[in-house]
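Each remark here refers to the structure printed beneath this line.
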Amino acid sequence: MLKSFVVMYIIIINLWGIYIMKMDKRRAQKREWRVSEKNLWLIAIIGGAAGTTLGMWSYRHKTKHFAFKYGFPLLAILDVTLFYLMLDRLS
């Protein structure tokens with residue numbers, strides 16, 4: 001039961017990470033209100049780093065910002081490792 005919840009959380013938070021990067025890219029192109037960098041980092045920190053990294057690469061968004069270019073992928077590696085270890089312990 002808990003393992004299913006963790007897997008669903010991982011999927012949802014990472015899909016949200018991809019979506020938020022796509023949405024922010026579109027808003028940037030239209031010169032509209034943007035998603036704050038604080039919120040982008042929050043999504044990444046609470047488990048969506050793989051999704052935000054994928055979104056960053058897919059939409060070529062925030063790729064020139066050092067903190068995002070290197071921070072999101074490093075955080076994604078950490079997230080994937082922690083989720084793997086957590087799921088392994090729940091088995």
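Observations, loosely collected:
- The simple Förster model, with R0 at 22 Å and r as the Cβ-Cβ distance, assigns Met86 and Tyr19 a FRET efficiency of 0.40.
- Ratio Rg/Rh [Cα only; Rh per Kirkwood] for the chain: 1.03
- Most tightly packed first, judged by the mean number of other beta-carbon atoms within 10 Å of their residues, the peptides 68-75, 12-19, 47-54, 28-35 read 47-54, 12-19, 68-75, 28-35.
- In order through segment 75-80: 3J(HN,Hα) via Karplus (6.51 cos²θ - 1.76 cosθ + 1.60), integer Hz, x for Gly, Pro: 5, 4, 4, 4, 4, 4
- Candidate lysines for bridging to Lys30, where Cα separation is under 25 Å - those fewer than 8 sequence places away on the same chain excluded: Lys22, Lys38, Lys62, Lys64, Lys69
- Separation of the Met1 and Arg31 label points, Cα + 7 Å toward Cβ, nm: 5.5
- Residue by residue, segment 37-51 carries 3J(HN,Hα) couplings of 4, 4, 6, 4, 5, 4, 4, 5, 5, 8, x, x, 5, 5, x Hz when phi is fed to the Karplus relation 6.51 cos²θ - 1.76 cosθ + 1.60 (θ = phi - 60°); x denotes Gly or Pro.
- Report summary: the helix-based calculation at 222 nm, which adds -39500 (n - 2.57) for every DSSP H run with n ≥ 4 and divides by the residues of the chain, gives -26500 deg cm²/dmol.
No lab work stands behind these numbers, since they all come straight from the coordinates. Note that the coordinates shown come from a computational prediction; the quantities given were computed from them, not determined experimentally. Cβ: placed from backbone, ideal geometry, glycine included. Neighbour counts: every protein chain shown.
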